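To start, the structure under review is shown below, and the notes come after it.
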């Protein structure tokens, strides 16, 4: 059977239009996909909000318990710490949140210097966030048995050094800001409780 010339041309035009639409649709989908991938990459590479993900749930009245060692989960007794000692602690019942990790320290009150907030201390006890403000590693206590006032806090990940007697100001290393202080009080039963929340940002600040 012989096709009529006009109809053959029409079919050719329809086929061409269909192909062009298909190709155009494919290009549009590819461009949209590439754009979405680019946005995802930029989001991944761009720095996150400082301290993001570190939201403490410590509340006034929370009892301090050991966060490490054989006594983990046990309430800390003030009489168990001597001047120059420090312990990693959590608020009781809230150990699942890493933002609640705190370093409890006992020093001579006469050694406290600004910007330490003395109103947040009690009987030589003071406390700070135990999360380094550089990249979020847990800080450690470096005790000087001969001179407790020379003891200090250090992050061994990148060697940031903080002075606990002076509000944990940064005295060395890449940490951009001090560790945030938090208030503590010694109860009559020798336990220690938090009296408020952190005075500044916690977690990485870079």
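Here, each number is a calculation from the coordinates, and none is a lab measurement. None of the values given here were measured: they were computed from a predicted structure. In this analysis, Cβ positions are derived from the backbone assuming ideal geometry, glycine residues included, and neighbour counts consider all displayed protein chains.
Observations on the model:
- Prolate/oblate/rounded label for region 64-194 (Cα gyration tensor, a/c 1.5): oblate
- In terms of packing, defined here as the mean over residues of other Cβ atoms within 10 angstrom, the peptides 70-81, 129-140 line up highest first as 129-140, 70-81.
- With contacts taken as Cα pairs under 8 Å at a separation of at least 6 residues, region 64-194 carries a relative contact order of 24 percent.
- A simple packing score, the average count of other Cβ atoms within 10 Å per residue, orders the peptides 58-64, 190-196 as 190-196, 58-64, with the highest score first.
- Relative contact order of region 160-205, pairs being alpha-carbon contacts under 8 Å that are 6 or more residues apart, as %: 27 percent
- Residue order, fewest to most surrounding Cβ atoms within 10 angstrom, among 112, 156: 156, 112
- Packing, as the average of other Cβ atoms within 10 Å across residues, places the peptides 115-124, 171-180 in the order 171-180, 115-124, highest first.
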